[in-house]
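These notes are about the structure you will find just below.
The values are calculated or read from the model by the stated rules, or taken from the named source; none is laboratory data. Remember, it's a predicted structure, so these values are computed and weren't measured experimentally. Neighbour counts are summed over all protein chains in view; Cβ atoms, including those assigned to glycine, are modelled from backbone coordinates with ideal geometry.
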């Protein structure tokens, strides 16, 4: 991060503040997460340490106790992960700003050498990678926020799809074409679609997810930067591709020009605006979901909670084969205490865990 940003962030919190880590950070950055917090509270309040999982889901006989616990806990995990991804997206913006500042300093030096574009150190070679790494982190975080919101929609709306492996586009498609048909889900789809349109320009989510996929899974688009020199120094503008789902050549053919393949907004302004769109959409959608949850509780037969949301055909829980590198595994020293806050304790107990000494273990009567 920029040195001045580090100085600002190093200021100690007001000791009178009595809120969570997430809330302190969001207050500091002036990010509104009110409706996301409300949804977390609404769902958490329905976790039962006696009935396990969401208490009123016990009425759905198709759900075993184990599947009810697993779906319920993953729903809570998805809501919590929306907060985590928002923080990581904000942090990535700070790193993007720092990376651009480094590139600006590099350009200032290059301007005195007729822009020979020759780096003099490994650190200068790393400037562009710092930018690309931070950019990938930003779009990964935004995409993951949207996917976690989609898991929240899946659990709360009772969609008959795997809550762990769903995606934003899949959930929107299932809401448009619910099986079986449901007037409640049609209405929820219309409301979420309106929230999507109200939170940013048309297509902002599709483009964001395409950028995430390109940066995380695909060959990278060629970066384009513009250096503008005036009496005050050099301004650096880095642009992002209009068509991240296409190769550079495909996009240039369609655009009839390589320069025209880019969105003409510098990356800092564009990522900041996308972040604001995400916050607006997340709050609006979480408000809709909290209301929908309340309606379902009042009318439990409105939508059934499907067993299909936890889908592991080879068994309820299948352990992965990878257990680390044997030559690097360490012998753990005895653990004398595990400290977790009350919300985590409730989550563990609602998931059928019991305290044994200084550890939490699966209750054999539930998980034998």
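Please enumerate the residues belonging to segment 26-42 that are closer than 15 Å to residue 91 by Cα and part of a loop (DSSP other than H, G, I, E, B).
29, 30, 31
Report the residue count in segment 356-368 for those that are within 31 Å of the chain's Cα centre (by Cα) and within 21 Å of residue 55 (Cα to Cα).
Counting residues in segment 356-368 that are within 31 Å of the chain's Cα centre (by Cα) and within 21 Å of residue 55 (Cα to Cα) gives 2.
Out of the residues in segment 125-134 that are out of contact with any helix residue (DSSP H, G or I) (no Cβ under 6 Å at 6 or more places or on another chain) and either surrounded by 24 or more Cβ atoms within 10 Å (Cβ to Cβ) or in contact (Cβ under 8 Å) with a residue 40 or more places away in the chain (or both), which is farthest from residue 185 (Cα to Cα)?
Per the criteria, the residue is 128.
Which one of these is out of contact with any helix residue (DSSP H, G or I) (no Cβ under 9 Å at 6 or more places or on another chain) and under 27 Å from residue 285 (Cα atoms): 35, 27?
It is 27.
Note down all Cβ pairs under 6 Å where the first residue falls in segment 4-16 and is within 11 Å of residue 94 (Cβ to Cβ), the second is assigned to a helix (DSSP H, G or I) and modelled with pLDDT under 85, and they're at least six residues apart or on different chains.
Cβ pairs passing all conditions: none.
Take segment 269-308 and flag every residue that is closer than 25 Å to residue 101 by Cβ and modelled with pLDDT under 95.
Matches in segment 269-308: none.
Return yes or no: is residue 208 closer than 15 Å to residue 288 by Cβ and crowded, with 20+ Cβ neighbours inside 10 Å?
no
Residues 135, 222: which one is in contact with a strand residue (DSSP E or B) (Cβ under 9 Å, 6 or more places away or on another chain) and in a loop (DSSP other than H, G, I, E, B)?
Only one candidate qualifies: 222.
Considering 25, 39, which residue is within 30 Å of residue 273 (Cβ to Cβ), at pLDDT 95 or above and crowded, with 18+ Cβ neighbours inside 10 Å?
It is 39.
I need a count of the residues in segment 135-185 that are crowded, with 20+ Cβ neighbours inside 10 Å, within 12 Å of the chain's Cα centre (by Cα) and free of Cβ contacts under 8 Å to residues at least 24 places away in the same chain.
Total satisfying the criteria: 2.
Tell me which of these residue 122 doesn't satisfy, since it passes every other one: (1) surrounded by fewer than 21 Cβ atoms within 10 Å (Cβ to Cβ); (2) over 24 Å from residue 308 (Cβ atoms); (3) touching a helix residue (DSSP H, G or I) at 6+ places or on another chain (Cβ under 8 Å).
Answer for residue 122: the failing condition is (3).
Among the candidates 239, 258, 275, which residue alone is buried (at least 18 other Cβ atoms within 10 Å of the Cβ) and out of contact with any strand residue (DSSP E or B) (no Cβ under 6 Å at 6 or more places or on another chain)?
Selected residue: 275, the only one of 239, 258, 275 that is buried (at least 18 other Cβ atoms within 10 Å of the Cβ) and out of contact with any strand residue (DSSP E or B) (no Cβ under 6 Å at 6 or more places or on another chain).
Out of 107, 99, which single residue is under 24 Å from the mean Cα position of the chain (by Cα) and at pLDDT below 95?
Answer to the check: 99.
Please go through segment 52-104 and give me each residue that is outside any helix (DSSP H, G or I) and either crowded, with 23+ Cβ neighbours inside 10 Å or at positive phi (or both), ordered by number.
52, 53, 54, 63
In segment 199-219, which residue that is touching a helix residue (DSSP H, G or I) at 6+ places or on another chain (Cβ under 7 Å) and in a helix (DSSP H, G or I) is farthest from residue 152 (Cα to Cα)?
Filtering first and then ranking leaves 215.
Looking at segment 218-271 only, could you name the residues that are in contact (Cβ under 8 Å) with a residue 60 or more places away in the chain and at positive phi?
Hit for segment 218-271 is 233, nothing else.
Across segment 241-270, what is the number of residues that are under 16 Å from residue 139 (Cβ atoms) and in a helix (DSSP H, G or I)?
4
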